[in-house]
Amino acid sequence: MKAIYILCVRQLKRYIRSPARIIGSLGQPILFLVALGFGFKAMFARAGGGDYLDFLSPGIISMAILFNAVFSGIEIIWDRQFGFLKETLVAPVSRIEIVFGRMLGGALVAMAQGIVVFVICLIAGFRVHGSAYAPLAIVFMFMISLLFAGIGTVFGSVLQDMQGFPLIINFLIMPIFFFSGAIFPSAGLPKVLQIGLRLNPLSYGVDGLRGACSTVFAYGLTTDLAVVTIMTGILLGIGSYFFSKIQL
């Protein structure tokens with residue numbers, strides 16, 4: 001437990017001491033929120049979809065969490081190159097504790113960024129409907145953070161090229177985001193795309209977060225929680241395996 005605490009604190013300190021990182025990572029979510037939220041608001045309302053800003057905001061919050069969580073994996077490559085990882089691996093601590101500590105630290109940083117974007121969405125006009133499910137929004141934000149911090153950990157353990165990491169991650173993450181139901185509803189989509197959304201783990205995180213804010217779940221609360229929890233557990237196991245194979 002001490003190792004997990006140390007790794008979490010270390011990543012949080014890195015985040016707090018880098019205001020440029022905090023501000024820079026807000027650029028893309030704010031751009032999407034303004035360009036899409038206000039650009040398509042009238043069209044969405046005329047189509048009978050309600051307030052597009054209320055629909056879009058959970059997706060934008062998920063996007064901020066997703067990118068921050070996945071890119072936490074690059075710190076493994078960074079630590080490998082500068083020797084900190086060697087000190088961690090020789091410590092009398094199990095690899096699964098190290099992996100979970102890194103995942104948890106990356107998840108907390110990503111969740112902090114998500115909360116900042118959540119506040120920005122509220123300022124822009126986003127409204128939470130139904131207080132009964134509202135606390136679940138925090139739960140789903142944390143689960144999305146932990147899930148994709150796990151994906152970042154897997155790729156950070158496998159890759160050694162710091163320049164190649166963002167290229168591969170962007171190639172993977174952009175389709176995951178766009179085909180998650182974050183920016184458009186799944187109703188009326190072609191069958192192939194609907195299957196793709198069903199297979200996408202982020203779809204259940206976005207639906208859970210959106211349902212917590214609106215009390216309407218497309219896949220069901222139990223399904224959303226089950227999928228993100230199971231996928232997080234699987235990625236913890238995969239991350240532990242690849243992390244144990246790291247050669248220094």
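Selection over segment 65-93 of residues that are at pLDDT below 75 and over 30 Å from Leu202 (Cα atoms) gives a count of 11.
Filter segment 32-82 for residues that are closer than 24 Å to Leu159 by Cβ and aromatic (Phe, Trp, Tyr); which is surrounded by the most Cβ atoms within 10 Å (Cβ to Cβ)? The extreme case among them is Phe71. Annotation note: of Leu147, Leu136, the sole residue that is under 22 Å from Phe71 (Cα atoms) and out of contact with any His (no Cβ under 8 Å at 6 or more places or on another chain) is Leu147. Applying the criterion of being among the small types (Gly, Ala, Ser) and surrounded by fewer than 20 Cβ atoms within 10 Å (Cβ to Cβ) to the residues of segment 217-248, the residue that is modelled with the highest pLDDT is Ala226. Among the candidates Ala110, Ala137, the residue that is of a type in the set (Gly, Ala, Ser) and in contact with a Cys (Cβ under 9 Å, 6 or more places away or on another chain) is uniquely Ala137. I'd like the residue in segment 202-216 that is in contact with a Ser or Thr (Cβ under 8 Å, 6 or more places away or on another chain) and not aliphatic (A, V, I, L, M) and, out of all such residues, is modelled with the lowest pLDDT. Among them, the one singled out is Cys213. Output the residue which, of all residues in segment 185-201 that are under 20 Å from the mean Cα position of the chain (by Cα) and at pLDDT 85 or above, is nearest to Met43 (Cα to Cα). Step by step, filter segment 185-201, then rank; the result is Leu197. Which residues, counting only those in segment 136-174, are in contact with a helix residue (DSSP H, G or I) (Cβ under 6 Å, 6 or more places away or on another chain) and either surrounded by fewer than 13 Cβ atoms within 10 Å (Cβ to Cβ) or among the small types (Gly, Ala, Ser) (or both)? Once the filter is applied, which keeps residues that are in contact with a helix residue (DSSP H, G or I) (Cβ under 6 Å, 6 or more places away or on another chain) and either surrounded by fewer than 13 Cβ atoms within 10 Å (Cβ to Cβ) or among the small types (Gly, Ala, Ser) (or both), segment 136-174 yields Ala137, Ser145, Ala149, Gly150, Gly152, Gly156, Ser157.
Scoring Ile246 on the criteria (1) free of Cβ contacts under 8 Å to residues at least 40 places away in the same chain; (2) in a loop (DSSP other than H, G, I, E, B) leaves a single failure, condition (1).
Taking the criterion of being among the polar types (S, T, N, Q) and in a loop (DSSP other than H, G, I, E, B), the only residue of segment 52-105 that qualifies is Ser94. Which pairs have Cβ atoms under 9 Å, sit 6 or more apart or on different chains, and link a residue in segment 136-152 that is of a type outside the set (Asp, Glu) to one that is not in a helix (DSSP H, G or I)? Here the result reads Ala137/Val128, each pair linking segment 136-152 to a residue that is not in a helix (DSSP H, G or I). Figure legend. Inter-residue proximity from segment 94-106: first residues under 8 Å from Ala149 (Cβ atoms), second residues modelled with pLDDT of 80 or more and of a type outside the set (A, V, I, L, M), beta-carbon distance below 7 Å, spacing 6+ or different chains. Indicated pairs: Arg102/Thr153; Met103/Gly150; Met103/Thr153; Met103/Gly239; Gly106/Ser72; Gly106/Gly152.
The values are calculated or read from the model by the stated rules, or taken from the named source; none is laboratory data. This is a predicted model, so every value here is computed, not measured. Cβ atoms come from the backbone with ideal geometry, glycine included; neighbour counts cover every protein chain shown.
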